[in-house]
Amino acid sequence: MNIHTYEKVWIVASMVLIVGFIATITYGAVGPGIAMIDDDGGDINPDEINDDERFAEPGVEHVGGNEYEVTVVAQAWSYTPSEIEIPANSEVTFYVTSRDVTHSFSVVGTNVNTMVVPGQVSEMTAKFDEPDEYGILCNEYCGEYHHTMEGKLNVVPEDEFDLTELSVEADDEIDAGNETTITANVTNGMQEDLETTVSLEIGNQTQEEDVTVPGDGSEEVAFTVDSADLDEGDNDWTVTVDDYEESGTLSVVTPEGNESADGGDGDA
Amino acid sequence: MVSRPYYLLIRMSSGTEQREPDHVRTLGHEEYDPIGTAILIGIYFLILVLLWIFMYFVEFLGNGPTVVGMALTVVGLA
Amino acid sequence: MRNAYLDQFPDEARVIKAAFWSSFIALAIGGVLGLVQALHRTDVFRFIQSPDYYTVLTAHGVLLVIVFTIFFLVGTFTWAVTTSLDRGVVDTRFTWAWYIMMVIGAALAGITIFSGFLESAPSILGSELNADVLFTFYAPLEAHPFFYIGLVVFVVGSWLAGVDWFRTWLAWRRENPDERIPLPTFMVLTTTLFWYICTLGVSLSILVFLLPWSLGITESVNPLLTRTMFWYFGHAVVYFWLMPAYLMWYTMLPKFSGGKLFSDPLARVVFVLFLLLSTPLGIHHQYLDPGIAEGYKFIAMTNTMFLLLPSLLTAFTVVASMEHGARQRGGEGYLGWLKALPWRDPIFTGMALAGLMFAAAGFSGMINAGMNINYLVHNTWWVVGHFHLTVGTAVALTFMAASYWFIPQLTGKELWNRSVALGQVVLWFIGMTFMTNAMHRSGLFGLPRRTAEPQYQGFDFEPAVGTVGEINMQVALGAVILTLSLALFLLNMVMTSIGSNSESIPDNTYADTLSGAEDSPRILDNLKLWTAIAVVLVIIAYTLPLASIIDAGGLFGPDIEGFRLSTWVDPAVIESLSEVIR
Ligand code: HEM
Ligand SMILES: [Cu+2]
Ligand SMILES: [Cu+2]
């Protein structure tokens, strides 16, 4: 072959360029530790997503320390959950799958971006150091309203983040003269114990109780309410734990026949 | 100099050998060094290298968070 | 005596002309739809409903990258084979047969797509006639069976075209047993070989999985499997589009520059490399797909990076050939010779600008190839910017410039207006500069591709430089300029075709070489050897990934039925969604 010297030099330079590119990519993998989406997420039958351990209740879960798992189900044209909240300084592993066609799960303005292929679970881990608000969008055509498929990822300051849930059980009505209990159930999704105070405000009274909710567990707090402390008729109440509250109304009624004879509906 | 289009090519005696009026000299393989090409392609090479570095280290690594391996510790990611 | 192609091969000229006109029609319709998309996405002018946007986009993709490019290719290749072997095809009836087959396939797919615009599309074979699946037709998005049938018929037509070129070459070989394969024919044959290898994947995907499934014969598909089989074809096809442009750059551009091809041996090496490496790297389109191990992605990346080599070699050889021309035309100095190039010639200028754009595309292509950096750009508008530089300019602009050479050759009529032609190629270059630059930039802040209204409720895009509005204006402006350029091109083609016969058509020849085939080892012409190696490479790259995909999801997938998106959607959903949009 009759190859000009300049061209020989160019061939060598081209090879250097190519090897340099491959070296950069390899550096990205071993230096900053960038990993590709791969088959670690495993496969899943889209019809059985609702029965799947992981995907039956998509959302954020605490694994321990600063590690979290977020499961997301994509379907035309939304994500469940559509809004995700995680703390700053966390390492989050996403598990995303699709109920129907191929979508993507792309966190705008970051390198967190995966295809979501039905039958497959996309698994990816990323670290979120700073509080921020990101949009999530689907960048793979998934049907007529593909362009409306979006979500949000909110990274909140660590001290504003918890996985606490509050639910309250209370009667609507009590007979004057009786007592009732308002029961607060506090669930703690974090792996560490949660030390907090549950308080009940009713009428112009406040009751408080300190509780320790075990990691990944729940605790019940029962407040006894005496009708004697309340007004006749409706009494608003509020149960508060940290930033969560739940409220309702408790009516104090005079039992039938006690005071007047007009009809009531008994103790229905 | 004024360039003239190909349709003014005049067919020469043999084969595909053609010559146009703008043709002022004939350069064979031995007499011709593509020095201009070497310069242009050298500039292209530099542009590629610089843009690659910019894209990878500024645009990409600066666009964190990025998907990382779970076991690996993360170094130097913004 | 005039010695144009028409005079040498009048029968072949007629088929080639038909193929070119088929491609121009696809280009005309596809280009106008491109304008509609650009104006719609940027919210400059919206006159279609957003769900129809995807019908438009499917048509734009299929018409431009399947119909326009491949019709032009078969025309060019037929010209290249007959011109360089200096003999006609074996039987023009066969040539007409594959051409007509391709027309039928394209028409069937096209009608199915366009039927998607109808208020109530007709129901044929038990399902509605439409194909809003984009040109990638990822299952379980489902198209009407006619769409798949049309594609297969079209591809089989192109296979027969390949048979035609091989037959013609074999006939020539019998008459010329000891001669080297002329370079243009060599390029055609190597390209055809990798076309056979790569189309096998997509044809099997359609015939075994997608078509039976859309007909209701099979129940479900494995989306990752059909997707992987698509991309097995999907990268090689981009080289298929590119090879006729390369052929023109190697065998015609040196001549238009007034010089000779710098090196025939290296040109052969380049095409052999394309034959070897075009297919075993399709997984680079699936860097962000689940279900494929990282190792396979890395292998695909390495192959991709090495496939840069033939294109980098091409850059040198082609520029050196131009420089040779310029120096023979009296050009001097280190870079002063650039002034001596025939910049007033629309054919030269069009091809040179196309090559320049391809150099820019080379850069964004390297980024796309870089496995992990794909997180940044995957499925953003960056990618759309990239391939409007490659197929949308390097290929399309070269084809348009080449048409200014071909159409006079095929009709015996002089080009209607050279100044308009020169303006046209320059306008295309300017329009693409605006449009693709803005697209690339917008990809970097995450603007998605394939999206009718990339304006979201819950967040805004945050460009590091400039604004979304400014980027939108550049896209819209670029698109308008491009459409104008396209109109000028078509005008020139029509006016040329209805013009009158001319005696001053240049001879049908291709460029001479400075270093000829005799300088290259004969082994380069051993097509059997290269094909065998190419097949082995494909087997190495694909066996394991395909096996693991089938192992995990089964050949027919875990019960994944079809989604005809325009029929299964509950109207109430649309109602509430459009509420949200407003
Ligand atoms: C008048 C000139 C053109 C204009 C204004 C134009 C405009 C556009 C726009 C705005 C998109 C983006 C759609 C989206 O991501 O939502 C697009 C996509 C595309 N264009 Fe063009 N284009 C033109 C010419 C071409 C040519 C000549 C080709 C190829 C030969 C081409 C091939 C494609 C392809 C393959 C896509 C992607 C389709 C998909 O995502 O499914 N375009 N075009
Ligand atoms: Cu989508
Ligand atoms: Cu590719």
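The values are calculated or read from the model by the stated rules, or taken from the named source; none is laboratory data. All figures in this text were calculated on a predicted structure; none of them were measured in a lab. Note that each Cβ is placed from the backbone with ideal geometry, even for glycine, and that neighbours are counted across all protein chains shown. The protein model used for the area step is the full one, side chains on, heavy atoms only, and it has no ligands, DNA or RNA in it. Shrake-Rupley method; radii C 1.70, N 1.55, O 1.52, S 1.80 Å.
At a 10 angstrom cut-off on C-beta neighbours, averaged per residue, how do the peptides C:375-385, C:425-435 rank from highest to lowest? Mind showing how you got there, number by number?
On the way: C:375-385: 24.5, C:425-435: 21.8.
Final packing ranking: C:375-385, C:425-435.
At what distance in angstrom do the alpha carbon centres of the range C:195-210 and the range A:153-228 lie from each other?
Here the answer is 62 Å between Cα centres.
For the interface of B with C, what's the total buried accessible surface in square angstrom, probe 1.4 angstrom, rounded to the nearest hundred?
Roughly 4200 Å² of accessible surface disappears when B and C pair.
Subtract the Cα-Cα distance of A:ASN66 and A:GLU246 from 0.36 nm times their separation in residues, and report this length gain in nm to one decimal.
61.9 nm
Using a Gaussian network model of chain A with C-alpha springs under 10 Å, which one of A:TYR244, A:TYR68, A:TYR134 is most mobile by mean-square fluctuation?
Comparing A:TYR244, A:TYR68, A:TYR134 in the GNM, the peak value goes to A:TYR244.
Using 0.36 nm times the number of residues separating C:TRP343 and C:SER548, minus their current alpha carbon distance, what extension gain do you get?
68.4 nm
What whole-number distance in Å separates the alpha-carbon centres of the range A:121-139 and the range C:525-540?
43
Nearest 5 percent is fine: what portion of the DSSP beta bridges confined to the range A:164-253 is antiparallel?
95
With everything on Cα atoms, drop me the angle between helix A:5-30 and the longest principal axis of chain A, reported from 0 to 90° to the nearest 10.
Here the helix axis deviates by roughly 20 degrees.
Using heavy-atom solvent-accessible surface (probe 1.4 Å) with all chains present, what is the largest-first order of C:TYR138, C:TYR5?
Solvent-accessible surface, decreasing: C:TYR138, C:TYR5.
Please check: in the Gaussian network model of chain A (C-alpha springs, under 10 Å), which one of A:GLY59, A:GLY248, A:GLY215 has the largest mean-square fluctuation.
A:GLY248
Peptide C:221-230: average number of partner chain Cβ atoms within 10 Å per residue?
The per-residue average across the peptide is 3.
Carbon and sulfur atoms: what percent of the 1.4 Å accessible area of the range C:5-581 do they account for?
Carbon with sulfur: 67 percent of the solvent-accessible area.
Need the list of lysines near C:LYS339 for cross-linking: C-alpha distance under 28 angstrom, and skip anything on the same chain fewer than eight residues off.
The reachable lysines, counting only those whose Cα sits under 28 Å from C:LYS339, are A:LYS8, C:LYS255, C:LYS260.
Can you check what the net charge comes to around C:ARG167, using other residues whose Cβ is under 12 Å from the Cβ of C:ARG167 (Lys, Arg +1; Asp, Glu -1)?
Counting the neighbours of C:ARG167, the net charge comes to +1.
Take chain A, connect every pair of alpha-carbon atoms lying under 10 Å apart with a spring to form a Gaussian network, then pick out the residue of A:ASN235, A:ASN66, A:ASN89 with the largest mean-square fluctuation.
A:ASN235
So the label point goes 7 Å from the Cα of C:SER497 along Cα→C-beta, right? Which residues of the range C:387-407 then have their backbone N under 18 Å from it?
It comes to C:399-407, nothing else.
Write down the percent of antiparallel bridges among all DSSP beta bridges whose residues are both part of the range A:39-160, to the nearest 5.
Numbers: 28 of 41 bridges.
If we restrict to bridges inside the range A:39-160, about 70 percent are antiparallel.
Can you give the Rg to Rh ratio for the range C:435-558, taking only C-alpha atoms and Rh from Kirkwood?
Expressed as Rg/Rh, it is 1.19.
How many partner chain Cβ atoms sit within 10 Å of a residue's Cβ in peptide A:121-133, on average, as a whole number?
For this peptide, the per-residue mean of nearby foreign Cβ atoms is 4.
What residues of the range B:32-50 lie in the reach of a label at A:THR26, counting those whose backbone N is under 20 Å from a point 7 Å from the Cα along Cα→Cβ?
Zone members listed by number: B:49.
Find the centroid of the Cα atoms in the range C:128-189 and in the range C:31-95, then give the distance between the two in whole Å.
15
Quote the FRET efficiency, to the nearest 0.05, computed for C:GLU219 versus C:ILE124 with a Förster distance R0 of 25 Å and r equal to the Cβ-Cβ distance.
0.75
Of all the C-alpha pairs in the range B:15-62, what % are more than 15 Å from each other?
Roughly 69 percent, rounded to a whole number.
Any idea how far apart C:SER419 and A:VAL156 come out in nm if each label point goes 7 Å out from Cα toward Cβ?
So the label points at C:SER419 and A:VAL156 sit 7.0 nm apart.
Taking each residue in C:261-273, count the Cβ atoms of any other chain within 10 Å of its Cβ, then average. What number comes out? Can you show the working numbers first?
Numbers: counts 0, 7, 6, 1, 3, 6, 0, 1, 3, 0, 0, 0, 0.
Average per residue, whole number: 2.
Which percentage, to the nearest 5, of the DSSP beta bridges contained in the protein assembly as shown is antiparallel? Intermediate values should be presented prior to the final figure.
Numbers: 76 of 95 bridges.
The answer is about 80 percent antiparallel.
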